[in-house]
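To start, the structure itself, in structure tokens.
The values are calculated or read from the model by the stated rules, or taken from the named source; none is laboratory data. Quick caveat, the model's predicted, so the values are computed rather than measured. Cβ: placed from backbone, ideal geometry, glycine included. Neighbour counts: every protein chain shown. The protein model used for the area step is the full one, side chains on, heavy atoms only, and it has no ligands, DNA or RNA in it. Shrake-Rupley method; radii C 1.70, N 1.55, O 1.52, S 1.80 Å.
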Amino acid sequence: MPENAPFVFMGGTFDPVHNGHLRTALEIQQWLDIPEVCLIPSKMPVHRDEPGCTSEQRLAMVELAVADEPSLTADDREILSDKPSYSLLTLESLRQELGAARPLCMVMGMDAYMTLSKWHQWERFIDLCHILVVTRPGYPLALDHGMRAFTEQHAANSKAELLSAPAGKVLIHELTPLGISATQIRHLVASGRSPRYLMPDAVWDYIQSNRLYGFQNR
Ligand code: ATP
Ligand code: MG
């Protein structure tokens, strides 16, 4: 990756990673015309209802998913960290690596952005990065008053603004709508139905081999 290229990443639990994540990341990479977009799986919130999988397995699936796509990469800093997965810590660690001048951009779906004001020290994010919000089927632009004001205050007029400054802008970008969620995939697997074509075959193979999400041979 060139020294001054913007660093663009997408965080998430990726439980498991699916084509909604991968296609989003690839479309952003192409739209911004940057060398790559990085996926950063987070450590799990403490509880999940379904029999899930470990953080290491979620990371392994993300690594499998990006293995044959040079424009996508995986980063293990949150999974390997002994600290909790706070976006703030990730942004600080990325900023330290990138230096003060290099553009840093966090991509998130509309559903995640709608909850941003509940994230740990979220007001500090915008000093460290840009926020690129992508549309997601089922989540219309329905921001509360505070988030609407925040969005207007930091609104970028074009993608060029994200690429030229290190941080400070918010941009909402429309993507090819893909109504895929990890929740749907976990339910399919647990109920013995196939999630094929919603995710790379390599990830589905991994789920079956490791009997994740309640997968059972029939
Ligand atoms: P879950 O159903 O377990 O919440 P998920 O499919 O929402 O899983 P996450 O790991 O929670 O996946 O999402 C990571 C990031 O990817 C979030 O910013 C989310 O908004 C975004 N995202 C997930 N699926 C899509 C999709 N189909 N289209 C656009 N963005 C998506
Ligand atoms: Mg989600």
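Taken over the range 92-141, the criterion of being under 19 Å from Ala156 (Cα atoms), aliphatic (A, V, I, L, M) and more than 16 Å from ligand 2 (Cβ to nearest atom) is satisfied by Ala101, Leu104, Ile126, Leu128, Ile131, Leu132, Leu141. One residue stands out among those in the range 3-39 that are more than 16 Å from Cys105 (Cα to Cα) and in a loop (DSSP other than H, G, I, E, B): the one that is nearest to ligand 2 (Cβ to nearest atom), which is Thr13. Checking the structure you have, find out if any residue of the range 89-100 is buried (at least 20 other Cβ atoms within 10 Å of the Cβ), in contact (Cβ under 8 Å) with a residue 12 or more places away in the chain and under 14 Å from Ser42 (Cα atoms). Checking the range 89-100: at least one residue is buried (at least 20 other Cβ atoms within 10 Å of the Cβ), in contact (Cβ under 8 Å) with a residue 12 or more places away in the chain and under 14 Å from Ser42 (Cα atoms). Thr151 meets the conditions (1) touching a residue at least 24 places away in the same chain (Cβ under 8 Å); (2) touching a strand residue (DSSP E or B) at 6+ places or on another chain (Cβ under 6 Å); (3) more than 16 Å from ligand 2 (Cβ to nearest atom) in every case but one. The failed one is (1). Looking across the range 167-177, the residues that are in contact (Cβ under 8 Å) with a residue 60 or more places away in the chain, surrounded by fewer than 20 Cβ atoms within 10 Å (Cβ to Cβ) and of a type outside the set (Val, Ile, Thr) come down to His173, Leu175. If the condition is being outside any loop (DSSP other than H, G, I, E, B) and either open to solvent by less than 50 Å² (accessible area, probe 1.4 Å) or touching a residue at least 24 places away in the same chain (Cβ under 8 Å) (or both), then the range 55-72 contributes Ser55, Gln57, Arg58, Leu59, Ala60, Met61, Val62, Leu64, Ala65, Val66, Leu72.
From the list Ile40, Ile28, Ile34, Ile79, which one is of a type in the set (Val, Ile, Thr), away from ligand 1 (no atom under 14 Å from the Cβ) and open to solvent by less than 30 Å² (accessible area, probe 1.4 Å)? The match here is Ile34. Residues in the range 178-193 that are loosely packed, with under 11 Cβ neighbours inside 10 Å and more than 16 Å from ligand 2 (Cβ to nearest atom): Ser191, Arg193.
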